[in-house]
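Here is the structure we will look at.
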Amino acid sequence: MGLLSRIYLTIYNWTVFIGWFQVLFIAVKTLIESGHEHVYDAVEKPLLLAQSAAFLEILHGLIGLVRSPITATLPQIGSRLYVTWGILYSFPEVRTHILVSSLVISWGITEVIRYSFFGTKEAFGSAPSFLLWLRYSAFLLLYPTGISSEVGLIYVAMPYMKVSEKYCIRMPNKWNSSFDYFSAAIATLGLYIPGSPFLYSYMLSQRKKALSKTKRE
Amino acid sequence: MKVTVTTRSGRELIKGQLELNDSATVTDLQEAIHKRTKKYYPSRQRLTLPIKPGSKEKPTVLQSKKSLKEYTDGNIDQLTIVFKDLGPQVSYPILFFWEYLGPLLIYPIFYFFPVYQYLGFKGERVIHPVQTYALYYWCFHYFKRIMETFFVHRFSHATSPLSNVFRNCAYYWSFGAYIAYYVNHPLYTPVTDLQMKIGFGFGILCQVSNLYCHIILRNLRGDGSGGYQIPSGFLFNIVTCANYTTEIYQWLGFNIATQTVAGYVFLFVAAFIMTNWALAKHRRLKRLFDGKEGRPKYPRRWVILPPFL
């Protein structure tokens, strides 16, 4: 079982790594060659695939394959999936925004580091110290840029939510319910207020733990 | 008897020692602490015996009815007690009263007042019969709960932390408003007459049964002596927590009659919370009444939701 899960996790991490590496490479290339308006269209396929694969990570935590707590992975991955599918994919109007570039590049660098770190760790039992340092330091800068791009893009999409009424359920209906995607977006933005400092301080404590461990060794 | 009272960090809470009678109870000690500190009334205090530093063991909590002597180890003259401030406390009837008053007042606002006009809905609002019955049903339910709080329930714990008032009120009041908004909506779609009658009929039956369950539980506690007993009689002969069963099924009745997503969300959340309580109680009763050493054996019963659990 131990060996089987290690093989599985190795394959999983390196597969998703390839996806994110593509995203990052294509995003930077497109940004330089054709401008930020074209970044989304260029990265769409690998971005949707790689980001959706993260859903498996919630399951990995739930069935005990990895040790990360659900309270940390769920808001992290949940917000990512919301921005990918619920904003970028659902509202093409925002895809040409400059924030898409900062978003995709922030996510890309974070994930390339993260998946190569875990991929190496699963395959060889440990990771080189520079990779460990990167894994627990890059977020210091990339979390703020990533999160502000996410928040910015939700905000940019909001007028389009209001006009299109996409995903809205209106009364009257048999089950007497309604749903307003615009209000849900406001509520989501509200969740970023306690959520972001929580995740950042969680990562800071992880950083302290991981980096002090190597010093002792 | 001399008692030293320290905080958990080891600092003396009361300068010097407290002089108490040799036959003093824990209650006497709590009152003495209250007299000296003024601020910490007895229900705010949690008193424990000190534990060895670094020990992972849980400290012994002092029970208010017991004599202090029971906690001394041979040396009757000296006792060290660790004090913890539990924060401001409220009595359970007060907590329940505020919880239930919210839904009782908020729901009729949506029925009687032009709330939906303020929210931007135009045109005349036609009230369906089911909306009027739902108002009566809802208000009867929360009125019943308030009356039970003051005249039926006996509480095993005297008080609850003040912060629970805010948490529980947020839960009951916001769910009350959420359901009231949809049931009284001008664009509300009623179910068939037959479905409505089945829902409300079943719900009322469950509410009356719920009241009867609460009376049985009250009599179980008898003269307020406390302690656990095997609940029996009426539905308790088949379910451990028949009081929760009837509460859940009466909400099901309300939802069958009114059919809103909001109501079903509340039903599932409430059932989830009550199931956790019921599982804990069932486990406790099974452990307490294990059939060994003359103790009665806890009979085979459903926990909360027959025929599922």
Being within 27 Å of residue A:162 (Cβ to Cβ), part of a helix (DSSP H, G or I) and open to solvent by less than 60 Å² (accessible area, probe 1.4 Å), is that true of even one residue in region A:68-75?
-> yes
Subset of region B:15-73 that is part of a loop (DSSP other than H, G, I, E, B) and of a type in the set (Val, Ile, Thr) - its residue that is surrounded by the most Cβ atoms within 10 Å (Cβ to Cβ) = B:72
Restricting the search to region B:133-179, which residues are open to solvent by 50 Å² or more (accessible area, probe 1.4 Å) and among the hydrophobic types (A, V, I, L, M, F, W, C)?
-> B:140, B:143, B:147, B:150, B:151, B:155, B:158, B:162, B:166, B:170, B:173
Any idea which of B:51, B:14 is without any contact (Cβ under 8 Å) to a residue 40 or more places away in the chain, touching a helix residue (DSSP H, G or I) at 6+ places or on another chain (Cβ under 6 Å) and farther than 30 Å from residue B:148 by Cβ?
-> B:14
Residue list for region B:127-163, restricted to those being part of a loop (DSSP other than H, G, I, E, B) and either in contact with a strand residue (DSSP E or B) (Cβ under 7 Å, 6 or more places away or on another chain) or hydroxyl-bearing (Ser, Thr, Tyr) (or both) = B:156, B:158
Hits in region B:199-235 (condition: open to solvent by 50 Å² or more (accessible area, probe 1.4 Å) and not aliphatic (A, V, I, L, M)) = B:202, B:212, B:218, B:219, B:221, B:223, B:225, B:227, B:228, B:229, B:232, B:234
Check whether at least one residue in region B:78-98 is among the acidic types (Asp, Glu) and open to solvent by 70 Å² or more (accessible area, probe 1.4 Å), and report yes or no.
-> no
Within region B:112-132, which residues are under 13 Å from residue B:187 (Cβ atoms) and surrounded by 10 or more Cβ atoms within 10 Å (Cβ to Cβ)?
-> B:116, B:119, B:121, B:125, B:127, B:128, B:131
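Okay, residues lined up against (1) within 14 Å of chain A (Cβ to nearest Cβ); (2) assigned to a loop (DSSP other than H, G, I, E, B):
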site: B:214; (1), (2): no, no
site: B:228; (1), (2): no, yes
site: B:235; (1), (2): no, no
site: B:246; (1), (2): no, no
site: B:257; (1), (2): yes, no
site: B:262; (1), (2): yes, no
site: B:267; (1), (2): yes, no
site: B:270; (1), (2): no, no
Just for region B:1-14: of the residues that are in contact with a strand residue (DSSP E or B) (Cβ under 7 Å, 6 or more places away or on another chain) and in a loop (DSSP other than H, G, I, E, B), which one is farthest from residue B:82 (Cα to Cα)?
-> B:1
Mind listing just one residue for me: the one in region B:266-281 that is open to solvent by 20 Å² or more (accessible area, probe 1.4 Å) and touching a residue at least 40 places away in the same chain (Cβ under 8 Å) and, of those, nearest to the chain's Cα centre (by Cα)?
-> B:281
In this structure, is residue A:31 more than 12 Å from the chain's Cα centre (by Cα), in contact (Cβ under 8 Å) with a residue 60 or more places away in the chain and assigned to a helix (DSSP H, G or I)?
-> yes
Give the residue that is farthest from the other protein chains (Cβ to nearest Cβ), with candidates limited to residues of region B:182-198 that are in a helix (DSSP H, G or I) and buried (at least 17 other Cβ atoms within 10 Å of the Cβ).
-> B:196
Near pairs, Cβ below 6 angstrom, 6+ apart or cross-chain, from region B:134-161 (assigned by the TED database to the domain that holds residue B:214) to any residue that is small (Gly, Ala, Ser) and buried (at least 16 other Cβ atoms within 10 Å of the Cβ) | B:158/B:43; B:159/B:43
Odd one out for residue A:46 among (1) open to solvent by 50 Å² or more (accessible area, probe 1.4 Å); (2) modelled with pLDDT of 95 or more; (3) not hydrophobic (A, V, I, L, M, F, W, C) = (1)
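The values are calculated or read from the model by the stated rules, or taken from the named source; none is laboratory data. Model, not experiment: these values are computed from the prediction. Every residue, glycine among them, receives a Cβ derived from its backbone with ideal geometry; neighbour counts consider all protein chains shown. Calculation scope for accessible area: heavy atoms of the full protein, side chains included, ligands and nucleic acids excluded. Shrake-Rupley method; radii C 1.70, N 1.55, O 1.52, S 1.80 Å.
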